[in-house]
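Peer 1: Have a look at the structure that comes next, please.
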Amino acid sequence: MTSSSALHTPPYPASPPDVVAELSARFGAETFIVQATRTGMPVLWVPREQLIEVLRFLRQLPQPYVMLYDLHGVDERLRTQRRGLPEADFSVFYHLLSVERNSDVMIKVALAENDLSLPSAMAIWPNANWYEREVWDMYGIRFDGHPHLVRMLMPPTWEGHPLRKDYPARATEFDPYSLSAAKQDLEQEALRFKPEDWGMQRHGEHEDFMFLNLGPNHPSAHGAFRIILQLDGEEIVDCVPEIGYHHRGAEKMAERQSWHSFIPYTDRIDYLGGVMNNLPYVLAVEKLAGIKVPSRVDFVRVMMAEFFRILNHLLYLGTYIQDVGAMTPVFFTFTDRQRAYQVVEAITGFRMHPAWFRIGGVAHDLPRGWDRLVREFLDWMPKRLAEYEKAALKNSILRGRTIGVARYNTQQALEWGVTGAGLRATGFDYDIRKVRPYSGYEHFEFEVPLAANGDAYDRCLVKVGEMRESLRIIEQCLNNMPEGPFKADHPLTTPPPRERMLEHIETLITHFLQVSWGPVMPANEAFQMIEATKGINSYYLISDGSTMSYRTRIRTPSFPHLQQIPAVIRGSMVSDLIAYLGSIDFVMADVDR
């Protein structure tokens with residue numbers, strides 16, 4: 001395994017070319033409406049007729065926007081503060097990422113309620129497939145040319161499109177649910193897999209194919225996840241991943257919760273990531289509010305995020321090795337996770353879902369004795385990692401089951417939206433903590449573990465290397481923790497200090513409104529991505545000048561990682577699929593939200 005040194009600047013330019021000027025030179029400045037936001041990227045509205053031409057131009061530039069990072073929609077009908085934006089009942093946005101420029105661009109299209117259709121972008125980026133299906137599922141927007149525009153997260157029999165503003169946000173707004181025998185039969189029949197619907201044949205020239213359900217309840221499916229396999233003997237001819245069994249409407253919930261009270265919901269996205277889920281959300285809200293946090297807050301956040309990176313990777317390592325046939329390591333990794341959770345619990349008061357980060361800071365300061373607990377963990381963990389490398393990574397069974405299995409290269413990874421260890425295992429040096437530092441990561445020295453072959457074994461190798469680097473970062477937090485407050489002194493952050501509240505009537509009023517209503521964020525848009533446990537996770541927030549988010553888009557790494565499965569696993573054995581699933585590192589809450 002190779003590494004990129006923290007002491008050298010990654011090979012990405014600091015000041016990318018102005019894509020707005022490039023687009024204006026090609027299509028004319030009058031083609032676009034440029035929207036001012038706090039997203040940190042150009043946001044341009046384009047006419048529907050020119051959408052595909054613009055997207056293809058961006059994909060084919062000399063420094064191309066190689067990844068369709070995200071694609072989703074917004075119901076614009078209740079938005080009051082549009083600030084010169086084009087008239088729209090709905091809009092669809094395309095978030096594109098260029099690794100060579102180290103910059104993004106967002107393309108938006110306005111749609112009228114009586115004409116909700118767009119051309120599909122699948123011919124430009126293959127991973128547009130699932131994103132377009134989800135937009136149709138949630139908003140009812142059609143994508144002409146899509147091969148199979150069917151429900152994605154909702155059941156096949158579902159009526160309505162849940163992210164529309166006129167769709168209820170609470171279960172109490174629905175009629176009581178009842179399941180008759182006839183309705184149960186209807187639901188069961190709707191789940192029947194029909195190969196012809198997916199362009200599959202039941203018979204080959206000399207054989208009949210078998211169709212096998214893996215999941216939705218199966219230990220190797222790592223959650224409520226179903227894959228329908230088309231098999232010729234043990235060989236996988238094709239497969240269809242099916243998600244949505246874990247969907248609970250996290251983005252819809254964000255529209256009914258205050259900015260503060262949505263924080264605990266973020267914990268449940270990647271339920272192994274803990275405060276790592278809070279981080280992109282609170283950073284995005286802080287951009288909306290114009291809050292700059294004290295340096296102590298940055299260091300505390302980084303330390304706790306890296307603890308959860310280790311917790312995630314330990315579970316990944318144990319269950320991955322269990323998937324390929326070894327039982328013992330999972331008991332050791334859970335023992336080490338317990339040690340890490342003792343530190344997390346002592347600092348935050350909770351274990352899996354602390355919901356401890358706050359807008360403008362953290363819930364409370366580090367307790368007395370935190371440094372001793374962290375030091376004990378740092379003394380313990382490196383020796384354990386060395387044992388895992390010897391007993392697991394050099395184990396002949398693990399190597400035999402995973403080396404050369406489920407390989408893909410950097411180009412394929414970028415086309416499918418793969419990030420995190422899955423991308424770095426192909427040898428591509430791209431870690432958001434390095435190329436776009438956030439929360440003070442620029443102050444830390446660490447390396448980015450890389451591999452070369454992009455197979456199931458290399459993905460595991462990178463994860464183990466990341467745990468070593470997380471220990472380095474935590475030790476720097478321990479040795480260099482700044483003094484100072486644990487939250488920003490800003491009216492839109494957590495409630496003001498109690499002693500000031502008892503002295504000033506204005507502060508008392510602010511405290512009362514913060515607790516009863518929650519803060520009112522300025523009307524604007526903000527975006528923040530982080531290098532989460534499983535890849536790049538981000539929050540895109542739209543505020544309409546209210547106590548609640550108008551639109552919260554949660555882009556998770558696991559969603560594109562599962563979409564890539566058929567492209568990688570065709571022609572492999574069923575046993576290879578099990579090793580591949582284990583190597584991806586996903587949880588279904590991160591996929592379905």
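Peer 1: In the same structural domain as I359 (by TED's automatic domain parsing) and free of Cβ contacts under 8 Å to residues at least 60 places away in the same chain: does that describe A456?
Peer 2: No; evaluated as a whole, the condition is false for this residue.
Peer 1: For the subset of the stretch 265-304 comprising residues that are small (G, A, S) and within 25 Å of V374 (Cα to Cα), which member is modelled with the highest pLDDT?
Peer 2: Residue satisfying both the conditions and the ranking: S295.
Peer 1: Residues that are farther than 19 Å from V591 by Cα, touching a strand residue (DSSP E or B) at 6+ places or on another chain (Cβ under 6 Å) and assigned to a loop (DSSP other than H, G, I, E, B): does the stretch 496-517 have at least one?
Peer 2: Within the stretch 496-517, not a single residue is farther than 19 Å from V591 by Cα, touching a strand residue (DSSP E or B) at 6+ places or on another chain (Cβ under 6 Å) and assigned to a loop (DSSP other than H, G, I, E, B).
Peer 1: Kindly indicate whether any position in the stretch 92-99 is surrounded by 14 or more Cβ atoms within 10 Å (Cβ to Cβ), under 23 Å from R164 (Cβ atoms) and either in the same structural domain as V435 (by TED's automatic domain parsing) or of a type in the set (S, T, Y) (or both).
Peer 2: Checking the stretch 92-99: at least one residue is surrounded by 14 or more Cβ atoms within 10 Å (Cβ to Cβ), under 23 Å from R164 (Cβ atoms) and either in the same structural domain as V435 (by TED's automatic domain parsing) or of a type in the set (S, T, Y) (or both).
To keep it simple, each residue is scored yes or no on (1) in a helix (DSSP H, G or I); (2) surrounded by fewer than 24 Cβ atoms within 10 Å (Cβ to Cβ); (3) charged (D, E, K, R); (4) within 21 Å of the chain's Cα centre (by Cα).
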position: G273; (1), (2), (3), (4): no, no, no, yes
position: Y281; (1), (2), (3), (4): yes, no, no, yes
position: V285; (1), (2), (3), (4): yes, no, no, yes
position: I291; (1), (2), (3), (4): no, yes, no, no
position: V297; (1), (2), (3), (4): yes, no, no, no
position: A305; (1), (2), (3), (4): yes, no, no, yes
position: L317; (1), (2), (3), (4): yes, no, no, yes
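Peer 1: Tell me the residue from G223, G249, G274, G325 that is touching a helix residue (DSSP H, G or I) at 6+ places or on another chain (Cβ under 6 Å), not assigned by TED's automatic domain parsing to the domain that holds T547 and not basic (K, R), please.
Peer 2: G223
Peer 1: Residues that are surrounded by fewer than 15 Cβ atoms within 10 Å (Cβ to Cβ): find the helices (runs of 4 or more DSSP H) completely inside the stretch 380-427 holding 3 or more of those.
Peer 2: Of the helices (runs of 4 or more DSSP H) lying wholly inside the stretch 380-427, those with at least 3 residues that are surrounded by fewer than 15 Cβ atoms within 10 Å (Cβ to Cβ) span 396-402.
Peer 1: Quick test for you: out of L508, L478, pick the one residue that is among the hydrophobic types (A, V, I, L, M, F, W, C), surrounded by fewer than 22 Cβ atoms within 10 Å (Cβ to Cβ) and under 25 Å from V300 (Cβ atoms).
Peer 2: L478
Peer 1: Which members of the stretch 184-218 meet the condition of being in contact with a Ser or Thr (Cβ under 8 Å, 6 or more places away or on another chain) and outside any helix (DSSP H, G or I)?
Peer 2: L214
Peer 1: Do we find that L68 is within 26 Å of Q564 (Cα to Cα), without any contact (Cβ under 8 Å) to a residue 60 or more places away in the chain and touching a Leu at 6+ places or on another chain (Cβ under 7 Å) in this structure?
Peer 2: No, not satisfied.
Peer 1: All but one of (1) touching a residue at least 60 places away in the same chain (Cβ under 8 Å); (2) out of contact with any strand residue (DSSP E or B) (no Cβ under 8 Å at 6 or more places or on another chain); (3) more than 30 Å from A391 (Cα to Cα) hold for I310, so report the exception by its number.
Peer 2: The single condition I310 does not satisfy is (3).
Peer 1: Checking the structure you have, find out if any residue of the stretch 332-354 is under 18 Å from the mean Cα position of the chain (by Cα), of a type in the set (V, I, T) and over 25 Å from P219 (Cα atoms).
Peer 2: no
Every residue, every condition in (1) over 21 Å from I554 (Cα atoms); (2) among the aliphatic types (A, V, I, L, M); (3) not in a loop (DSSP other than H, G, I, E, B), yes or no:
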{"residue": "T80", "(1), (2), (3)": "yes, no, no"}
{"residue": "G84", "(1), (2), (3)": "yes, no, no"}
{"residue": "S91", "(1), (2), (3)": "no, no, yes"}
{"residue": "L96", "(1), (2), (3)": "no, yes, yes"}
{"residue": "E100", "(1), (2), (3)": "yes, no, no"}
{"residue": "M106", "(1), (2), (3)": "no, yes, yes"}
{"residue": "L118", "(1), (2), (3)": "yes, yes, yes"}
{"residue": "I124", "(1), (2), (3)": "yes, yes, no"}
{"residue": "N129", "(1), (2), (3)": "no, no, yes"}
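Peer 1: Please enumerate the residues belonging to the stretch 481-505 that are of a type in the set (A, V, I, L, M, F, W, C) and buried (at least 18 other Cβ atoms within 10 Å of the Cβ).
Peer 2: Listed by number, the residues that qualify are F486, A488, L492.
Peer 1: Next question, about the same structure. Looking only at the stretch 345-360, how many residues end up being crowded, with 24+ Cβ neighbours inside 10 Å and on the phi > 0 side of the Ramachandran plot?
Peer 2: Number satisfying all stated conditions: 1.
Peer 1: Tell me the residue from M529, M521 that is more than 24 Å from D371 (Cα to Cα), of a type in the set (A, V, I, L, M, F, W, C) and in a loop (DSSP other than H, G, I, E, B), please.
Peer 2: M521
Peer 1: Here is a further query. Out of all the residues in the stretch 428-442, which are surrounded by fewer than 18 Cβ atoms within 10 Å (Cβ to Cβ) and part of a helix (DSSP H, G or I)?
Peer 2: Matches in the stretch 428-442: V435, E442.
The values are calculated or read from the model by the stated rules, or taken from the named source; none is laboratory data. Fair warning: this is a prediction, and the values are worked out from it, not measured in the lab. Cβ: placed from backbone, ideal geometry, glycine included. Neighbour counts: every protein chain shown.
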